Amino acid sequence: MKSAGRWVAGLSLLLFACNVESTAGQNVGTGQPSHPGSVCPDGVTVLLSDFFSSLVALSTLDGNTQSASFLSTGSRKTDGLSFALSGDVVLPSTRTLSGRVVLVDRFGTNVITWANPSSAEVLGQLPVGTGFESNPSDYLELEDGRALVTRWGENSEPGRQAFDRGSDVLVIDSQGFQLLDSIELPRHDELPPRPSSLSRVRDLVMVTLDRLSLDFSLTGEAELVGISSATLEIEFVQRFVGLKGCGRPALSPSGKLLAVACSGSLNRKGEVSDLSESGLVLLDAESRPLRELQRFPAQTLAGAALQSSAVFASEDLLLWKTQTALGGSGNNRWLSLNVREQSLRTLLEAGPDEAGTGKGIVYGGMACAPGCSDICLLADADRGVLQRARITADGAELLSPRQVESTVGLPPRDLSLR
């Protein structure tokens, strides 16, 4: 949910806040060393939340819990934790090079937190608000110790502090926890860029622009900005003609393909008014600028809008989800697409609420590590578990789900490889 639909995320499920005070002072890491730079991830970071309270847990690649209480909104403040976590936390969409657990605390807090996965020690925190609600959205580490943070928020009265315009990519020192610079993004049609997600494709950083007006009334066609990871200069801007609300580009295991899922223009209930603005795009990852290879309209794929996220489970298999409005007639679905055979399969469908209507977005982050694990994970807030699918030569088959923790009872929302 790190794209145009992110501003309606808090409306997708209305729950009472859970009390996480029982976890205070009991933060536990994996007790195992991390392996930054290794080919295979050490595991998965799991974010559980009801949008009031947050709990971070750690699991293995196949979904077995290693630490049920890593950090939470009820964690006891220490010298390293000056800003308590809020209920609006997301995880980086890309595995960190440092091996640290990184938390992006969004609207109302505007803080990045770094923690040691082995010990659960908070290593540092950095406010990225610079005098306004910057609403940070994603985080990506570079090889030289710098990191990039997309700030979705736009400052209506900039010029009072350094780096306070917003709707930009903030450059930070991820070792010394300091602000370094800001990358200004292209503006036109009087729409703020609204950068959401970050991804790495060889020597380029890809930044997805949602291009949404300050009052949320107008959404422009989504754009992808290619930035040199060495110079941090913009190399190209690519517009997804006819598509809106696009998410992070997913890179295939071979590095040859990119897949981008687009939801379309959303209202505050998560409804999409024009289904033609939603779809799935395949791109040639080796061309500059990127060359579009194929486009799958949402109507053809699912008869409904797509969520703005997709992951490669193998070179040929993509996993993605439908966009579901709160109180709508449909339910969230988890699906697979074989891009070579162009075959579709529904893996899972959420249940309706007590009134028989849709619960909104209950399927959250996905995590796959092709070549390291044959299991992909889905954060399922509907059933409060990690759903698991085994990837085979014939596609994906559902396995028994895994409960992350049994004390607090918060539903899983987001996943990130670590």
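The values are calculated or read from the model by the stated rules, or taken from the named source; none is laboratory data. Keep in mind the model is a prediction, meaning the values are calculated, not measured. Backbone-built Cβ (ideal geometry, glycine too); neighbour counts: all protein chains shown. Accessible surface areas use protein heavy atoms only, side chains included; no ligands, DNA or RNA. Shrake-Rupley method; radii C 1.70, N 1.55, O 1.52, S 1.80 Å.
Cα centroid separation, the range 130-194 to the range 289-358: 31 Å. In the context of the full set of protein chains, residues of the chain present 38 Å² of accessible surface per residue (probe radius 1.4 Å, heavy atoms only). Kirkwood radius for the range 148-300, taken over all pairs of different Cα atoms as the inverse mean of 1/r, rounds to 16.2 Å.
The ratio of the alpha-carbon radius of gyration of the range 173-230 to the globular-protein estimate 2.2 N^0.38 Å is 1.30. Other residues lying with their Cβ under 14 Å from the Cβ of GLN66 contribute a combined charge of -1, Lys and Arg counting +1, Asp and Glu -1. Using only the C-alpha atoms, the convex hull of the range 26-142 corresponds to 101 Å³ per residue.
Working from label points 7 Å from Cα in the Cα-to-Cβ sense, the ALA230 to SER156 distance is 4.3 nm.
For the Cα trace of the range 278-418, dividing Rg by the Kirkwood Rh returns an Rg/Rh value of 0.98. Taking every lysine pair in the chain that is 8 or more places apart or spans two chains, those with Cα atoms closer than 20 Å amount to 9. Each other residue within a Cβ distance under 10 Å of ASP189 adds +1 if Lys or Arg and -1 if Asp or Glu, for a net charge of 0. Taking label positions 7 Å along the Cα-Cβ direction at both THR300 and PHE177, the computed distance is 5.0 nm, reported to one decimal. Between ASN116 and LEU142, the FRET efficiency estimated from the beta carbon spacing at R0 = 22 angstrom works out to 0.60. Between HIS35 and SER400, the C-beta separation translates, for a Förster distance of 30 Å, into a calculated FRET efficiency of about 0.60.
Here the range 213-349 yields Rg over Rh of 0.98, to two decimals, using C-alpha coordinates and the Kirkwood radius. Dividing the summed -39500 (n - 2.57) terms of all DSSP H runs of n ≥ 4 by the residue count of the chain sets its mean residue ellipticity at 222 nm at 0 deg cm²/dmol.
Taking only the C-alpha atoms of the chain, Rg followed by Dmax gives 19.5, 57 Å. Give me log10 I(q)/I(0) at q = 0.13, 0.27 Å⁻¹ for the range 118-172, Debye formula, one equal scatterer per alpha-carbon, no solvent. For the range 118-172 at q = 0.13, 0.27 Å⁻¹, log10 I(q)/I(0) is -0.37, -1.07. Alpha-carbon geometry of the range 287-355: the Rg and the Dmax are 13.9, 50 Å, given in that order.
Expressed as a whole percent, the accessible surface of the chain that belongs to carbon and sulfur atoms is 48, based on a 1.4 Å probe. Shape analysis of the range 70-211 yields a ratio of the Cα radius of gyration to the Kirkwood radius, Rg/Rh, of 0.96. Net length available on complete extension from VAL241 to THR392 is 50.9 nm, with 0.36 nm assigned per residue and the Cα-Cα distance removed.
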